[in-house]
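The values are calculated or read from the model by the stated rules, or taken from the named source; none is laboratory data. A quick note: this is a predicted structure, and the numbers were derived from the prediction, not measured. Every residue, glycine among them, receives a Cβ derived from its backbone with ideal geometry; neighbour counts consider all protein chains shown. Quick note on the areas: whole protein, heavy atoms, side chains included, nothing else; ligands and nucleic acids left out. Shrake-Rupley method; radii C 1.70, N 1.55, O 1.52, S 1.80 Å.
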Amino acid sequence: MSRKIVVILTVAILVAIALVWFVSRGGRAINETPSDSAPQQGWNLPNAARPYKGATIRLIGEDYPPLQAIDKMKPDFERATGIKVEIERYEAEAVLQKVGFDLNSKTGRYDLIIQIYFDMGRMVTQNQLHPLADYLENPKLHDPSFDPDRDLFPVWRSMGWYGGKQYGYPMMVLTMYTWYRRDLFDDPQEKATFKNKYGYDLGPPETWKQYRDIAEFFTRPNQGLYGTLVQGKKHIALWQEYLNFLYSFGGSVMDTKDPSTYGPIGINSPEAVKATEYYKSLLKYSPPDSLNFTWDDALALMQQGKVAECLMWTDSTYALEDPKQSKVAGKMGYAMMPKGDAGIVHQIGGQSYYIPTTSKNPEAAYLFIEWMLRPENQIRQQKLGGASPRKATYQDPDVVRLPWTSVSINALEHTHPAMLYTVPESMQIGETIELAISDVLADRKPVKEGLDWAAVQINKLTNGKAALRYPTSAH
Amino acid sequence: MLRHNYWKPTMLTPVLAFLALIFLGPFLYMVWLSLTDLSFASAEHNGNFIGLSNYVRALWGDGIFLASIGRSALFTVLCVLPQAVVGIALAEFLHSSPFSHKILSPLLAVPALLPSVIVGLYWRILLQGEFGLLSHYASKIGLPFATGILSNPRLVLLSVAMVDFWQWAPFVTLVLLAARSSQKRAPLEAAWLDGASQLRSFFDITLPGLLPAILAISVIRAIDSFKEFDKVFILTGGGPGTASEFSSVYIWRQAFRNWEFGYGAALCVLVYLFIYLVTQIGLKWSHLAESQ
């Protein structure tokens with residue numbers, strides 16, 4: 001009897017062991033989606049992630065569609081790797097604060113940060129960012145099928161490199177372009193009236209003169225319609241919108257082609273004065289409270305159909321085309337930036353993935369970045385509201401069909417390489433521009449005086465590394 | 001008796017130590033920071049001792065800071081004066097009308113209970129150009145500047161003061177109402193018997209009696225208004241230009257946008273000293289009023 005029990009128990013144990021082995025193989029087969037097992041050189045994600053199984057990486061970034069998309073996609077990564085991903089989403093300013101406090105105090109709360117790339121130089125010079133070469137050159141971590149230089153838009157180097165070293169990967173590449181009310185622009189009566197008044201056909205503006213003519217034409221406050229809008233609040237949105245005009249008219253903040261180097265200050269050049277005067281002239285055709293608008297207000301006004309044309313960012317376009325949120329969904333057109341003296345110049349921007357030196361799980365964080373940058377994940381993120389840095393994303397038929405895709409991609413071919421610089425003082429320079437332009441728009445300073453003030457401040461901020469090129473009035 | 005006195009300081013020691021740790025510690029650290037060049041924007045400025053350089057820079061080389069102090073002071077006046085005047089009038093009205101007193105008193109506390117951030121957001125929506133509810137209807141009835149109330153540099157301080165009034169005038173009224181209710185009725189009745197009018201007796205008897213409470217609440221509100229941050233940050237961000245950039249917003253900009261912690265700490269100390277000085281003067285007046 002006792003022998004029988006021993007035999008039954010032995011068989012049961014053997015069967016249980018076999019079952020566990022089978023299920024564990026089967027489980028891996030289920031989790032290991034084709035994209036997780038790159039056949040080249042035997043690298044696959046589950047194997048690469050095995051040493052970090054059970055680890056948790058905490059990520060922080062701005063709470064808007066691209067990060068919300070990551071939040072929706074992370075369970076797939078967690079299933080494939082056993083690495084848990086916690087995401088903290090906040091308003092843009094709050095992210096800057098929280099990241100700043102975490103990195104400066106060396107608390108190490110965040111393993112991965114998604115941060116505007118023009119703050120990169122400051123973080124690098126403070127030794128707050130981990131160089132990524134250690135991971136990129138590690139065959140156990142790096143997916144050999146991913147070649148950043150081949151797969152990403154060239155702008156990735158501006159967004160991820162500083163001082164000859166790589167510190168980040170772009171999470172999204174944004175451009176600004178012209179939004180216009182296609183329904184109004186295509187209206188035969190509007191077209192006829194416009195041609196009669198201005199002597200040329202109404203259409204997406206190709207020059208800044210046309211842009212202003214159209215703004216003037218559609219400014220009808222009694223109908224609750226304005227020609228354009230200015231994101232005039234003293235806010236990061238003002239700085240970034242203004243750069244479109246500055247560079248398109250031939251001006252610059254610093255005359256340099258490399259965003260991580262200083263150059264002679266061009267913010268008070270004659271071209272900059274012209275650009276600023278033009279920018280200010282648009283206030284006449286903007287809603288009365290434009291000096292208190294950020295990009296959020298601009299988007300809300302466009303969604304309500306109150307404005308005929310404006311300059312806006314890729315990542316806001318989804319909300320504009322969402323019929324649940326927008327009265328003008330399906331009625332919008334998208335066009336390249338109007339041409340100025342320096343040609344067509346689009347403002348670019350975006351946020352990058354960075355791994356802080358205080359990260360507790362840098363390798364796991366790196367694996368997550370590369371996983372997010374995979375072609376299939378980039379397409380998925382794009383459809384959920386991203387602005388993919390990966391070229392192949394824009395060959396996907398669903399992405400190609402989005403009405404703004406071609407413009408947002410063409411815009412990348414018409415940017416200035418150093419519109420948004422990554423020198424350590426970038427944020428302070430931006431603040432200075434915000435303040436100067438805000439003062440000018442509010443008639444608190446004449447244009448030249450405001451720009452001279454900004455030039456002197458930038459010179460001081462950079463300890464003279466950015467030299468004054470144009471004479472300034474005393475400040 | 002002696003033994004009893006011996007235990008008093010002993011019992012207080014933990015509380016005093018706790019307070020020192022929580023309040024004095026960070027303050028002393030801030031004072032120390034103000035003597036350094038600590039900046040997280042520049043690798044060269046890693047907390048070296050630079051003596052009083054930050055103070056010299058603030059007082060003799062930073063016109064924007066000094067202007068922001070002046071702006072904060074002006075804003076304080078714009079807040080405190082109307083709130084005190086309306087508070088006195090309302091307190092007198094509610095005191096003389098028990099029915100209104102009963103109905104309105106609980107409501108008066110509501111705005112003060114709301115977080116300033118919420119108040120800021122709420123008013124930003126109401127005053128959002130011609131699309132905000134209030135500004136829209138104000139422009140419909142022809143009020144000038146109604147649609148640019150938060151973006152007109154000449155109006156912006158008044159606009160923010162108006163929002164502050166909405167939040168705090170009811171609270172000032174409550175405090176003064178409490179003081180008014182505690183006043184004895186006999187002197188007033190004596191004055192009336194002597195033929196004094198209501199107005200005369202208010203100015204000669206009621207108001208002097210309220211003076212200590214008026215000064216106390218004015219000092220509290222002045223301190224609060226001088227360091228106003230939340231509402232103005234949400235309503236205007238300190239703009240247009242620097243039109244509504246109070247010292248608190250400017251210090252925030254230096255410390256948390258420009259990461260100049262050393263300089264930001266020096267500005268904080270200067271603002272603290274300024275408020276301390278003004279408060280001492282206010283309290284002196286308050287004591288004088290009380291003694292009279």
Of (1) surrounded by 20 or more Cβ atoms within 10 Å (Cβ to Cβ); (2) within 14 Å of chain A (Cβ to nearest Cβ); (3) of a type outside the set (Asp, Glu), residue B:173 fails just (2)
Across (1) aliphatic (A, V, I, L, M); (2) under 21 Å from the mean Cα position of the chain (by Cα); (3) outside any strand (DSSP E or B), residue A:171 clears everything bar (3)
When residue B:154 is run through (1) farther than 29 Å from residue A:231 by Cα; (2) open to solvent by 30 Å² or more (accessible area, probe 1.4 Å), the failure sits at (1)
message: residue B:248 - would you say it is in contact (Cβ under 8 Å) with a residue 60 or more places away in the chain and either within 14 Å of another protein chain (Cβ to nearest Cβ) or within 21 Å of residue B:63 (Cβ to Cβ) (or both)?
response: yes
Only one of A:237, A:272 is assigned to a helix (DSSP H, G or I), more than 14 Å from chain B (Cβ to nearest Cβ), at negative phi and open to solvent by less than 10 Å² (accessible area, probe 1.4 Å), namely A:272
Original post:
Does residue B:87 meet the test of being touching a strand residue (DSSP E or B) at 6+ places or on another chain (Cβ under 6 Å), surrounded by 13 or more Cβ atoms within 10 Å (Cβ to Cβ) and not β-branched (Val, Ile, Thr)?
Top reply: no
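Output the residues belonging to region A:289-323 that are under 19 Å from the mean Cα position of the chain (by Cα) and within 14 Å of another protein chain (Cβ to nearest Cβ). It would help to see each step written out before you state the result.
Applying the first criterion (under 19 Å from the mean Cα position of the chain (by Cα)) to region A:289-323 yields A:294-299, A:310-321.
Within region A:289-323, A:294, A:295, A:296, A:297, A:298, A:299 qualify.
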Scanning region A:316-364 residue by residue, those more than 25 Å from residue A:210 (Cβ to Cβ), touching an Asp or Glu at 6+ places or on another chain (Cβ under 9 Å) and either assigned to a loop (DSSP other than H, G, I, E, B) or polar (S, T, N, Q) (or both) turn out to be A:329, A:351, A:355, A:358, A:359, A:360, A:361
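May I ask you to verify whether residue A:229 is away from chain B (no Cβ under 14 Å) and aliphatic (A, V, I, L, M)?
Details: away from chain B (no Cβ under 14 Å): no; aliphatic (A, V, I, L, M): yes.
Answer is no for this residue.
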* Check region A:220-232 and report whether any residue there is of a type outside the set (A, V, I, L, M, F, W, C) and over 18 Å from residue B:131 (Cβ atoms). => no
Taking region A:430-469 and keeping only residues that are assigned to a loop (DSSP other than H, G, I, E, B), open to solvent by 10 Å² or more (accessible area, probe 1.4 Å), in contact (Cβ under 8 Å) with a residue 60 or more places away in the chain and in contact with an Asp or Glu (Cβ under 8 Å, 6 or more places away or on another chain), one is left with A:469
The one condition residue B:228 fails out of (1) within 17 Å of the chain's Cα centre (by Cα); (2) part of a helix (DSSP H, G or I); (3) more than 14 Å from chain A (Cβ to nearest Cβ); (4) buried (at least 17 other Cβ atoms within 10 Å of the Cβ) is (2)
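So, in region A:430-452, of the ones that are more than 10 Å from chain B (Cβ to nearest Cβ) and among the hydrophobic types (A, V, I, L, M, F, W, C), which residue ends up farthest from the chain's Cα centre (by Cα)?
Looking at the filtered set, the residue picked out is A:447.
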By residue number, the members of region A:409-429 that are in a helix (DSSP H, G or I), open to solvent by 10 Å² or more (accessible area, probe 1.4 Å) and more than 14 Å from chain B (Cβ to nearest Cβ) are A:409, A:410, A:412
Residues of region B:133-168 being within 13 Å of chain A (Cβ to nearest Cβ), of a type outside the set (Lys, Arg), farther than 24 Å from residue B:227 by Cβ and out of contact with any helix residue (DSSP H, G or I) (no Cβ under 6 Å at 6 or more places or on another chain), in sequence order, are B:143, B:144, B:145, B:148, B:152
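Show me the helices (runs of 4 or more DSSP H) entirely contained within region B:38-123 in which 2 or more residues are closer than 30 Å to residue A:105 by Cβ, over 23 Å from the mean Cα position of the chain (by Cα) and within 14 Å of chain A (Cβ to nearest Cβ).
Details: elements: B:53-61, B:63-96, B:98-108, B:110-113.
Per the criteria, B:53-61.
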